[in-house]
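S.K.: Below are the structure tokens for one structure; questions will follow.
The values are calculated or read from the model by the stated rules, or taken from the named source; none is laboratory data. Remember, predicted model here, so these are calculated numbers, not experimental data. Every residue, glycine among them, receives a Cβ derived from its backbone with ideal geometry; neighbour counts consider all protein chains shown.
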Amino acid sequence: MADSTKTDLADGNSTDPTSWVLGESEEMPANTPTCMGYDFNLGVTFEGVMNSHANMGFQATNLGLAINEINRMRRWRLSDVEVKETDDEELKDPEFRKKGRASIFLSYTSNQISGGQREIIKFLVQHKLVDVIVSTAGGIEEDFIKCFRPTYMGSFHGPKGGELRKKVSLSEANEVKVCSERATRRRKATRVLRIVASLLFHSSLRSLFRSSLGRSASEANERANERSEGE
């Protein structure tokens, strides 16, 4: 009876429970990375520690993959891509292609500015490591506010809500403490942002108006020339 419930392990359909646990495993491909951490006995180097994240597993591997992707973006050149027959002549120039880099977009929300990421973002922009920033209105607002007053470190286990505001005029954004005086700064920052937005809007209108005028004048000249040629 027992023999009738068993089949050859080679066909992968055995009903014997012990074969599921004790069965032979296939060999992993030769190029499969092994899971291991950084060996600090080799000395502590920033690049060594960062590069080791990819093979640590779990969230460390996700961080390592993100690091590799950023490095790939920074290394990329247009010369890495094959030239197409339909490309413009400028794009076919080898020297031009060597200088062609990827445009890197950095996106963040306001809580990144409330926390310590603000200084990292500043460094990236200051040294032109990103080309475009995409943020929320709150991200810009928080940056203005931090120019007036810092945020402070706190604890999830400390005083909460109303108790904080009574004691030290603080409110909180998770574990980061925020001075209530920042509400006044927020209003000032909002006014500044409204002024900037208004200037940008009117500047855009002026540019559009000048462009429209130029186009209208050009069309008027063309029509005048056509009439004179017809006469």
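S.K.: Considering only the range 98-116, how many residues are touching a strand residue (DSSP E or B) at 6+ places or on another chain (Cβ under 7 Å), in a helix (DSSP H, G or I) and free of Cβ contacts under 8 Å to residues at least 24 places away in the same chain?
M.R.: 1
S.K.: Would you say V83 is of a type in the set (A, V, I, L, M, F, W, C) and assigned to a loop (DSSP other than H, G, I, E, B)? Lay out the reasoning, then the answer.
M.R.: Numbers: of a type in the set (A, V, I, L, M, F, W, C): yes; assigned to a loop (DSSP other than H, G, I, E, B): yes.
Against the criterion (of a type in the set (A, V, I, L, M, F, W, C) and assigned to a loop (DSSP other than H, G, I, E, B)), V83 qualifies.
S.K.: Let me confirm something: among M28, M36, which residue is assigned to a loop (DSSP other than H, G, I, E, B), at pLDDT 90 or above and over 30 Å from D131 (Cα atoms)?
M.R.: Within the list M28, M36, the selection yields M36.
S.K.: Could you list, in sequence order, all residues of the range 130-146 that are exposed (fewer than 13 other Cβ atoms within 10 Å of the Cβ) and modelled with pLDDT of 90 or more?
M.R.: Those that are exposed (fewer than 13 other Cβ atoms within 10 Å of the Cβ) and modelled with pLDDT of 90 or more: D131, V132, V134.
S.K.: Out of N55, N51, N41, N71, which single residue is surrounded by 12 or more Cβ atoms within 10 Å (Cβ to Cβ), free of Cβ contacts under 8 Å to residues at least 12 places away in the same chain, of a type in the set (S, T, N, Q) and more than 30 Å from P150 (Cβ to Cβ)?
M.R.: One residue alone meets the criteria, N71.
S.K.: Hey, could you check the range 147-164 for residues that are surrounded by 12 or more Cβ atoms within 10 Å (Cβ to Cβ) and assigned to a helix (DSSP H, G or I) and say which is modelled with the lowest pLDDT?
M.R.: Checked the range 147-164; the qualifying residue modelled with the lowest pLDDT is L164.
S.K.: Output the number of the condition that G48 fails; it satisfies all remaining conditions of (1) part of a helix (DSSP H, G or I); (2) farther than 23 Å from T34 by Cα; (3) not aliphatic (A, V, I, L, M).
M.R.: (2)
S.K.: List pairs: first in the range 19-38 and farther than 23 Å from A60 by Cα, second at pLDDT below 85 and surrounded by 10 or more Cβ atoms within 10 Å (Cβ to Cβ), Cβ under 7 Å, 6+ apart or cross-chain?
M.R.: Sorted first by the residue in the range 19-38, then by its partner, the pairs are S19/L9; G23/L9.
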